[in-house]
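S.K.: Could you have a look at this structure, given as structure tokens, before my questions?
The values are calculated or read from the model by the stated rules, or taken from the named source; none is laboratory data. Just so it is clear, the structure is predicted and the values come from calculations on it, not from any experiment. No Cβ is skipped: glycine too gets one built from the backbone with ideal geometry, and neighbour counts run over all protein chains shown. What goes into the accessible areas is simple: the full protein's heavy atoms, side chains included, and nothing from ligands, DNA or RNA. Shrake-Rupley method; radii C 1.70, N 1.55, O 1.52, S 1.80 Å.
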Amino acid sequence: MALKLDPYVVLNDGHRMPVLGFGTYSPPPLSSNNHSPERVRPALEKSLKGLQLDYLDLFLIHIPVEFKPGDDLFPKDENGKVIYHNTDIRDTWKAMEACKDAGLVRSIGVSNFNRKQLELILNMPGLKYKPVCDQVECHIFLNQSKLLEFCKSHDIVLVGYSVLGSSRVEAWVDQTSPKVLEDPVLNKIAKKLNRSPTQVAQRYLIQRGVVVLAKSFKAERIKENFQVFDFELSDQDMKTLDGVNKNLRYLSFDAFKEHPKYPFHDEY
């Protein structure tokens, strides 16, 4: 009998989040050109207007790096270099809290934050709401074990994207990197259980307490993705898959390597 898993997790603000997201749609995050506190609410309101909604269920700070405030998503100087800015992320977070208080969003969280960046928010004076989640790249080759442990200790949900590996867009991904779904250890376990590598890769994360974003637009793939609740991985299978970890990151942030705090996305 499969280990019973609740299809939802309760966030630290009392709202619920599905443990498996199909990734056919995700709410727009706060972009890096809108970190200045006075730009946070207008950016959110612009998104709401475009979506014809009164509020978002979840609003995230996309990455812990700020660009020059303005309407240009990727502002660059005359030499083609990204123009950075230095708003304190804690001031950005206060503006996020104000959006929640105004009823424009139910839950607020972050994305691509490491432990140190999370601690800046968690330890800030006058903190009103903790981030409900941290959305990061997470899969069998980058299992984020230390960050997951830290998030659990602070009642923050770790949400994994690229859980089956990346779409391998050349501009962002090393084309020589190994593919998650071709890993021989993963495939051996999948064959033993009469499951697909996709299902086993996702079940591994869910069983560890990671919320999984499985992007797909095809009905048959969505159906396959959902069939992860009627089986479980043994302790030995989980331990074996733990050993597959390579701390391999598909999504490269090298575009920001001139930022003074790069690399800002280290696992821990």
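S.K.: Which angle from 0 to 90°, rounded to the nearest 10, does the C-alpha axis of helix 89-101 make with the longest principal axis of the chain?
M.R.: Once rounded, one gets 80 degrees.
S.K.: Choose one of Ser145, Thr240, Ala190: the residue whose Cα lies farthest towards the positive end of the charge dipole of the chain (beta-carbon charges +1 Lys, Arg; -1 Asp, Glu; about the Cα centre).
M.R.: Of the options given, the answer is Ala190.
S.K.: Right, another one. Share of region 1-98's accessible area from carbon and sulfur, percent, 1.4 Å?
M.R.: Details: 2990 of 5790 Å².
So the carbon and sulfur contribution to the accessible surface is 52 percent.
S.K.: A follow-up question, please. Setting aside same-chain residues fewer than 8 positions from Lys179, which aspartates and glutamates have a Cα under 15 Å from its Cα?
M.R.: Glu137, Glu170
S.K.: Please work out the FRET efficiency for the pair Leu193 and Glu78, using the Cβ-Cβ distance as r and a Förster radius of 51 Å; give the result to the nearest 0.05.
M.R.: Details: r = 57 Å, r/R0 = 1.12.
After rounding, the FRET efficiency stands at 0.35.
S.K.: Further question: Loop sites only, by DSSP: take the trypsin sites (Lys or Arg not before Pro) in the chain that have at most 10 other C-beta atoms within 10 Å and name the longest stretch containing none of them. Each step should come with its number before you reach the end.
M.R.: On the way: sites that count: Lys4, Lys81, Lys218, Lys257.
Formally, the longest exposed-site-free interval is 82-217.
S.K.: Kindly provide the pair-distance distribution of the chain built from C-alpha pairs, with 10 Å bins from 0 and whole-percent values in order of increasing distance.
M.R.: The distribution over the chain is 6, 28, 35, 22, 8, 1, 0, given as percents.
S.K.: Please list, or write none, the lysines whose alpha carbon is within less than 30 Å of the alpha carbon of Lys49, excluding same-chain residues fewer than 8 places away.
M.R.: Of all the lysines, those that pass the test against Lys49 - Cα under 30 Å, at least 8 places apart if same chain - are Lys68, Lys76, Lys94, Lys100, Lys128, Lys130, Lys215, Lys218.
S.K.: A further question follows. Show me the GluC sites (Glu not before Pro) within region 1-97 that DSSP assigns to loop and that have at most 16 other Cβ atoms within 10 Å of their Cβ.
M.R.: Details: sites: Glu38, Glu45, Glu66, Glu78, Glu97; in loops: Glu66, Glu78.
Here the GluC sites (Glu not before Pro) that fit, given the DSSP loop and packing criteria, are Glu78.
S.K.: Shifting gears a bit: Return the whole-Å distance between the Cα centroid of region 193-254 and the Cα centroid of region 76-155.
M.R.: Value for the Cα centre distance between the two parts: 24 Å.
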